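Read the figures in this text as sums done on the coordinates, not as results from a lab. Not measured: the values here are computed from a predicted model. Note that we place each Cβ from the backbone using ideal geometry, even for glycine, and neighbour counts take in every protein chain shown.
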Amino acid sequence: MPASYAYLGPEGTFTEVALRTLPEAATRELIPYVSVQSALDAVRAGEAEAAFVPIENSVEGGITTTLDELVAGAPLMIYREVLLSITFALLVRPGTKLSDIKTVSAHPAAQPQVRNWLKNNLPDAHWESAASNADAARLVQEGQYDAAFAGEFAAARYGLEALETGIHDAENAQTRFVLVGRPARPAAPTGADKTSVVLWQRDDHPGGLRDLLGEFATRGINLMLLQSRPTGAGIGNYCFCIDAEGHISDRRVAEALMGLKRICLEVRFLGSYPRADIGVEDVRAPRQGTSDEEFLAASDWVARCQDGRF
C-alpha cells in the first residue's frame, strides 16, 4: 500500500488545511483529487493508503456526497476525525471591486454558510457550484468567475486577493473531516469514541425508525448524527447514517449493533474512532445499568441461572 493520503483538492482547500493537522500527514505524500468520489475510489483501488474528506458541517449537517459514497460501493472504514473552524474570504482577481462581481463560486456546502452575506452584499450575483472551494478560486484565476468563497490562505496560491474576510452566517461554524481507509481492525478504545453505521430497514412499517433507535436508547447510547439517504430503490426508500457515542468494544455498543443486525436488512459498520470534539475527561458516565461492568454482571447472573446457581 503506498504511503500516501488522498484528499479533496486541489491544493488550498479547507480539507488540506485540516489534513495537515494530523501528525502522520507529515510522513505521507498528500495527493489532491478532484472530488470526494475520486479520493475514496483511490483507496478502494489501492492507489492510496487513506482518503481525507469532509463529512459534516455545523450549519447543514451531513455532507451528502461523502455519506452517499460511504453507503455505496466497496466498504470503507473511518479511522480518525478532525474538526476545523470555518470562515470564508471573498477571493477576486487583483483590482476587482465589489460592484464588478456578477458571478461567485464555491463548493455547494459553502453556500448555506454564506447565504445571508451574499444576499446582503451581492444580491444580484449568480452562484456557480465548484468541485471544491479551492477549485472555485482556480476558476476565478482563469477568468471563468468573478469571485470565489474560499479560505483566505488560498489567495496567494491562486494569485488572488481577499476582497472581504471573516465571512460566515453562523458564529463558530465548524466542518468535520474524516480519514477513511480500507476495512481493518478498529483502533483500541480511548474512552472518548464514536461509532458510525449505516442501517437499512427490512420493510417500511409504522414505528420502523423507532425500532432502530430503540436499540440505542435502551442501552443508554446517545446519537450524534442521524441522517436519512435515499437508497435509489424508489421514492420513500431510505437508509439511515448514524453516529453514536462509544466504541464497538463497549458492551452496550456491541449489543446495540447485534440487535440492529437481527432486525435490519443490512448494517454497514463504518468504524469506531476517537472523537475530536471532547477528551476522555469530558465524557459523561454511562447511564445506570449500561456500563460494561453492569453488562458483565448481568451476563454472569444469566449464566448462574442456567447452571442452577442463582
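Observations, loosely collected:
- Simple rule: put +1 on each Lys or Arg Cβ and -1 on each Asp or Glu Cβ in the chain, find the dipole, and look at Pro10, Ala217, Ala42; the Cα lying farthest toward the positive end is Ala217.
- Shown is the FRET efficiency for Ser249 and His205, computed with R0 = 30 Å from the Cβ-Cβ distance and rounded to the nearest 0.05: 0.40.
- Shape annotation for the stretch 165-288: C-alpha extents along the principal axes are 45, 41, 32 Å, from largest to smallest.
- The spacing between the stretch 157-226 and the stretch 228-267, judged by their C-alpha centroids, is 13 Å.
- Point-charge dipole on Cβ atoms (K/R +1, D/E -1) for the stretch 20-160, about Cα centre, debye to 20: 420
- Note that the chain, at 4 °C in a medium of 1.567 mPa s, gets a Stokes-Einstein diffusion coefficient of 61 µm²/s from its Kirkwood radius over C-alpha pairs.
- Structure-based [θ]222 nm, the chain - -39500 (n - 2.57) summed over DSSP H runs of at least 4, per residue, nearest 500: -8000 deg cm²/dmol
- Cut-off 12 Å between beta-carbons: net charge of the residues surrounding Thr218, Lys and Arg +1, Asp and Glu -1: +1
- For a straight C-alpha distance cut-off of 20 angstrom, the lysines reachable from Lys194 (same-chain residues fewer than eight places away being disregarded) are Lys261.
- Most positive-pole-ward Cα, Val71, Pro94, Val82, against dipole of the stretch 66-127 from beta carbon charges: Pro94
- Placed amide H near Val53: partners under 5 Å, 5+ positions off or other chain: Val178, Val180
- Kirkwood estimate for the stretch 74-186, i.e. one over the average of 1/r between Cα atoms, Å: 14.9
- The distance between label points at Ser291 and Thr64 comes to 4.4 nm (points 7 Å beyond Cα on the Cα→Cβ vector).
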